[in-house]
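> Please see the structure below; I have some questions.
Derivation of every value follows stated rules applied to the coordinates shown; laboratory data play no part. These numbers were taken from a predicted model, which means no experiment stands behind them. No Cβ is skipped: glycine too gets one built from the backbone with ideal geometry, and neighbour counts run over all protein chains shown.
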Ligand SMILES: *Cc1c(COP(=O)(O)O)cnc(C)c1O
């Protein structure tokens, strides 16, 4: 009944975890969910108010423009200038997205012919690989190893693969490893992309979720990146807006144009009212972002202290709301996540769910209050591992 592309999908691990969690809840267990990467805090009220007002204006009720409201793209360009120091022409170098997942899934359709290769990191957000496969492309895995600070080793990619490579996905600050990229790495990628004629898609979904004074750079800020790159920014994590479906792509005008052609034939754009709320988010005071980061940082430090007590020592990540922790030697990641759930009522995501190179790790999302994280740590301390 299903097309090959559906039959070829890997089993969806997250559905299995949801089921196991539901079983525990049904048994009356007080489950602490540190599994899903979805902010627990509400969208800031000035953004919600802006949406309420916009949705009452009938002008927002009609089909949006394919490329997005010019006012939204202008607000996005101004925000990029302000926070990342990059110059974006909103008319030609920016595109509104219905969330960056939509962007990741559709970009391969613009640049990958059947049989072409896209370079995808592993462990990673699963959509890079699946978006490539849906376009008929062949994903080539770039392992993200701890000994390389979870950056891909570009020299390890064979030249016959490079000859067929059209696209490369990177994501820093990184989900799930919480690694950050150095400017030196971004420079390497720009040179590599020029040499091998590769389009680079940098998913910067966690660009503002940063700690200890760290600032996540834009890939496009590197000399020459604007010739080869598209960068995706999402309002989802930055402003607790995952449910709203709003993001944007910026980058090389020809690339944006090609991507826009795909989108104009698939979707009809993001709801104008949501884009107006997005303008409010991007152009108002960014204090709400700083406030949320302070909360995540306290949660991070609470969980790290607990892991430390278990003999798991991790350097505090500079960005994202994830803790990527090695599992104790005698377990694989699925066994360990099962143990956490069954013996401590804690949901965390086994690393293998993000790819084979995620084996040996488990991901905690800092999406519960400090109190709940303290409770989780207390339970972990009782575990016999
Ligand atoms: C959460 C996440 C996204 C999804 O963002 P949306 O804009 O909500 O679609 C994209 N990339 C990564 C790496 C993520 O973790």
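> Find the relative contact order for the chain and round it to a whole percent, using C-alpha pairs within less than 8 Å whose residues are 6+ positions apart.
It comes to 24 percent, rounded to a whole number.
> Let me ask something additional. Would you calculate, for the chain, the mean residue ellipticity at 222 nm contributed by helices, counting each DSSP H stretch of 4 or more residues as -39,500 (n - 2.57) and dividing by all residues, to the nearest 500?
Dividing the helical sum by the residues of the chain leaves -12500 deg cm²/dmol.
> Here's a follow-up. Using every Cα-Cα pair within the stretch 194-299, state what percent have a distance larger than 24 Å.
Looking at the stretch 194-299, the distances longer than 24 Å represent 34 percent of pairs.
> Between the stretch 71-90 and the stretch 319-385, what's the alpha-carbon centroid distance in Å?
Using only Cα atoms to place each centre, the spacing works out to 38 Å.
> Pop the C-beta distance of residue 8 and residue 159 into the FRET formula with R0 = 22 Å and round what comes out to the nearest 0.05.
In this case the efficiency is close to 0.20.
> By DSSP, what percent of the beta bridges with both residues in the chain are antiparallel, rounded to the nearest 5?
Taking every DSSP beta bridge within the chain, about 45 percent pair in antiparallel fashion.
> Which value in nm describes the separation of the simple spin-label points at residue 305 and residue 183, placed 7 Å from the Cα toward the beta carbon?
Reported label-point gap for residue 305 and residue 183 is 3.6 nm.
> Would you mind telling me the antiparallel percentage of the DSSP bridges in the stretch 157-283, rounded to 5?
Antiparallel: roughly 40 percent of the beta bridges in the stretch 157-283.
> Using a Gaussian network model on the chain with a 10 Å cutoff between Cα atoms, which of 234, 285, 178 fluctuates the most?
Looking only at 234, 285, 178, the biggest GNM fluctuation is shown by 285.
> I would also like to ask the following. Wrap a convex hull around the Cα atoms of the stretch 98-236, take a quarter of its surface area, and give that in square nanometres.
Approximately 7.9 nm², given one-decimal rounding.
> Right, here's the next one. Taking other Cβ within 10 Å of each residue's Cβ, how do 263, 27 sort, fewest first?
27, 263
> Report the label-to-label distance for residue 24 and residue 343 in nanometres (one decimal), using points 7 Å from each Cα along the Cα→Cβ vector.
The modelled label-to-label distance comes out at 1.3 nm.
> If you don't mind, there's one more thing I want to ask. Could you list 120, 352 in order of exposure, starting from the residue whose Cβ has the fewest other Cβ atoms within 10 Å?
Ordered from fewest to most neighbouring Cβ atoms within 10 Å, 120, 352 come out as 352, 120.
> Quick check: residue separation of residue 268 and residue 370 times 0.36 nm, minus the Cα distance between them. What number comes out in nm?
Full extension of this stretch gives 32.6 nm more.
> Here's something else I'd like to know. Taking the Cβ of each residue in 218, 159, 337, 369 as the centre, tally the other Cβ atoms inside 10 Å and list the residues starting with the fewest.
Ordered by Cβ neighbours within 10 Å, fewest first: 159, 369, 218, 337.
> Continuing with this model, one more query. Percentage of Cα-Cα pair distances in the stretch 1-157 greater than 19 Å, rounded to whole percent?
Considering the stretch 1-157, 74 percent of its Cα-Cα pairs are separated by more than 19 Å.
> For the chain, take every pair of Cα atoms, bin their distances at 20 Å starting from 0, and report each bin as a whole percent.
Answer for the chain: a P(r) of 28, 58, 14, 0 percent.
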